[in-house]
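Structure first, commentary second.
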Amino acid sequence: GLPAAFAALPLELTVLYNSLLFAVGASDSAIEGEAEGVRQGLLRVLEAHGVCRQDLNTEGLWQKVLQEVNAEELKAPLHQLGALQAAWWLAAGQLGSTTHLFRLLSNTKDSGRAHCTDTENELLFLIKAWHAPAEEASLPVVQSARELKEILWIAAAFLQGLRDLEAGNFPTALFLLQEAARGFCSKRVLAQIYTCLGCCAQQMGKPQTALQHLKRALQVDFQCLPALSHVAAVYRELGETEVELQALALLYEALEKKPLAAASSSLFCLIQKELPVRTPILASLLHHRHPSEVKYLLAQRCLQDGRVADATEHYLDFLSLLQEGLQQQVPLHGSSPLPRIPEVFLEAVSALQQGGRHQDAITVCEEVISRMTDLIPRMLQTEEKLEQPECPSQGVELFRKDSLCCLAWRAAGYLHQGWAWAKLGKSKEAIMQFSRCLGDLLRVQIYGSGVDTTGNLLTEVEVLQKIRLLALIGRGMQFLELGRHKEALLNFLHSLQISPGHQAAASYLVQTLWNLDRKQEAAAQWQKLCLSPAGEDGQQEGQGRCCPLYLLWCLKQVAFLHHESLARSVQEYLRTRDQDPHR
């Protein structure tokens, strides 16, 4: 509350500077509230000079003080506070304000612009060219402005590199991040910079360069686990599944261990080199995955690569984590690889089926079916009727989408149970579950051809149609096993209505007609099948989310395995018929 006195200002500003540094060091972060201390210090300087400018913002105050105060004894304290202010502005991403401040500290308007073509390069030039006045021996500081200069230069390069990376300016981002990596910084920050360099190189289509940067990050600091996560992603992009799985296994093992305690801030480096850089893209690139996310990735990748035993083990481990309350531990965010929980259960079912554990698959499916039952309305429609003028609200659309997902998951549970019973040789039980699956899908009312489907519901409708197709073909196959050819014929005809030209359904239709001794119809269908484009089924399966991972095994089960023998029979019939037209 004492009036500002010019003679006491150097001591007052130095005490303010040291106290703010201690506040920052104690919190291990840049505190926005502490910036008010700098503002009050500047007002005290103006007060001592007989100027009162409470109306100015912080940037205006700096301009007023540095333009009007020329006292030599105040230069060092003001430059110290200026460096601290720059750190806070960098933390807030205010590059323009930081650049303007360094122009004022350098007592020039165009020092940087004369050598640079843009604001970002100008800022780096100004920081590098800035010469902080030497501190008075009688006014000791806990961290000099010269020490802050190196930190600010690294932070500015790092921050601008991240901004260019986010904007897609990859060459510029690469240059700036490389500049930041050349600075003298802690192992932790250097590992973060190399991780960002690796991500930048990967997005530039240079996976080998990305691996070099990411491996360098791990060499500098093996606790930089996000780098290991990105290594796995690059190896996946390269198609090197074995190395990718090794990286994921290492990542899971490291995440399972207790993290090392963070080192306390040193009195000789109260502002850490990582503190001024806080951006959403950095948080995204350096996101630490939850161990459960990595466990799921291991399970998923093993299943996709045909490593059935490993996939089954990982999925069962993951399901056990779910039983321990994992859903409350893992936050939902856009970057998480975790799908909806019922999909994970169904993927686990697929792994169990491929491993021959069909009874276990039936049990897990029962869990999915029971959980979904109360979440599905009695009747669903995929879009509003076209004559209805108003568009459905977002809440209604989300409700429909979730309802369709729940229906698809329960129907997929019945579908998997049908195939499990079929593999166990229980055709009647299999037919029952396939019929339940088809009965479930009768709840859906689709208006129009699907082109006018609202929102993002088309992909869910495609999944439902795929499940209906697989259930019809599966039930038809079981009817064939039991010799009930007429029922089988109806199922195959219905499946072709859903997916005209489907190779497997058409082949089973030919087989069924042949078994019914309707050879002329069988031959006609066979000739039609031979004229249809090969590989049509695979193309349809690869569109959008039309075929989720948990349905891939079911797709393989409907493959027609008697193509050659059926072809010989039909061709022999056609030759005989051509020789005897009255046959």
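The values are calculated or read from the model by the stated rules, or taken from the named source; none is laboratory data. Note that this is a predicted model, so its numbers are computed, not measured. Cβ sites come from the backbone with ideal geometry, for glycine too, and all protein chains shown count toward neighbours. The area values use the complete protein model at the heavy-atom level, side chains included, leaving out ligands, DNA and RNA. Shrake-Rupley method; radii C 1.70, N 1.55, O 1.52, S 1.80 Å.
Select from segment 44-100 the residues that are of a type in the set (Val, Ile, Thr) and either touching a residue at least 40 places away in the same chain (Cβ under 8 Å) or open to solvent by 10 Å² or more (accessible area, probe 1.4 Å) (or both) and list them in ascending order. Talk me through it step by step, then tell me what you get.
Start the filter on segment 44-100 by keeping residues that are of a type in the set (Val, Ile, Thr), which leaves 45, 51, 58, 65, 69, 98-99.
The answer is VAL45, VAL51, THR58, VAL69, THR98.
Any residue in segment 1-21 that is open to solvent by 80 Å² or more (accessible area, probe 1.4 Å) sitting within a Cβ distance under 8 Å of a residue that is in a helix (DSSP H, G or I) and not small (Gly, Ala, Ser)? List the pairs, counting only those 6 or more apart or interchain.
Here the result reads PRO3/GLU47, each pair linking segment 1-21 to a residue that is in a helix (DSSP H, G or I) and not small (Gly, Ala, Ser).
Being among the small types (Gly, Ala, Ser), assigned to a helix (DSSP H, G or I) and within 19 Å of HIS49 (Cβ to Cβ) is the filter here; which residues of segment 1-21 pass it?
The first filter runs over segment 1-21 and keeps only residues among the small types (Gly, Ala, Ser), leaving 1, 4-5, 7-8, 19.
Within this subset, residues satisfying the condition of being assigned to a helix (DSSP H, G or I) are 7-8, 19.
Scanning segment 1-21 gives ALA7, ALA8.
Is it true that some residue in segment 431-446 is modelled with pLDDT under 95, touching a strand residue (DSSP E or B) at 6+ places or on another chain (Cβ under 9 Å), assigned to a helix (DSSP H, G or I) and not hydroxyl-bearing (Ser, Thr, Tyr)?
No: zero hits.
Residue by residue, here is whether (1) within 23 Å of LYS149 (Cα to Cα); (2) not in a helix (DSSP H, G or I) holds:
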| position | (1), (2) |
| --- | --- |
| LEU176 | yes, no |
| ALA180 | yes, no |
| LEU190 | yes, no |
| LEU211 | no, no |
| ALA217 | no, no |
| PHE222 | no, yes |
| ALA227 | no, no |
| VAL231 | no, no |
| ARG236 | no, no |
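Conditions (1) in contact (Cβ under 8 Å) with a residue 12 or more places away in the chain; (2) charged (D, E, K, R); (3) surrounded by 18 or more Cβ atoms within 10 Å (Cβ to Cβ), marked per residue:
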{"position": "LEU139", "(1), (2), (3)": "yes, no, no"}
{"position": "GLN143", "(1), (2), (3)": "yes, no, yes"}
{"position": "ARG146", "(1), (2), (3)": "yes, yes, no"}
{"position": "ILE151", "(1), (2), (3)": "yes, no, yes"}
{"position": "ALA156", "(1), (2), (3)": "yes, no, yes"}
{"position": "LEU159", "(1), (2), (3)": "yes, no, yes"}
{"position": "ASP164", "(1), (2), (3)": "yes, yes, yes"}
{"position": "ALA167", "(1), (2), (3)": "no, no, no"}
{"position": "LEU177", "(1), (2), (3)": "yes, no, yes"}
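In segment 474-524, how many residues are of a type in the set (S, T, N, Q) and surrounded by fewer than 19 Cβ atoms within 10 Å (Cβ to Cβ)? Working first, answer last.
Restricting attention to segment 474-524, the residues satisfying the condition of being of a type in the set (S, T, N, Q) are 478, 491, 495, 497, 499, 503, 507, 511-512, 515, 520.
From the residues that got through so far, the ones that are surrounded by fewer than 19 Cβ atoms within 10 Å (Cβ to Cβ) too are 497, 515, 520.
Qualifying residue count for the region: 3.
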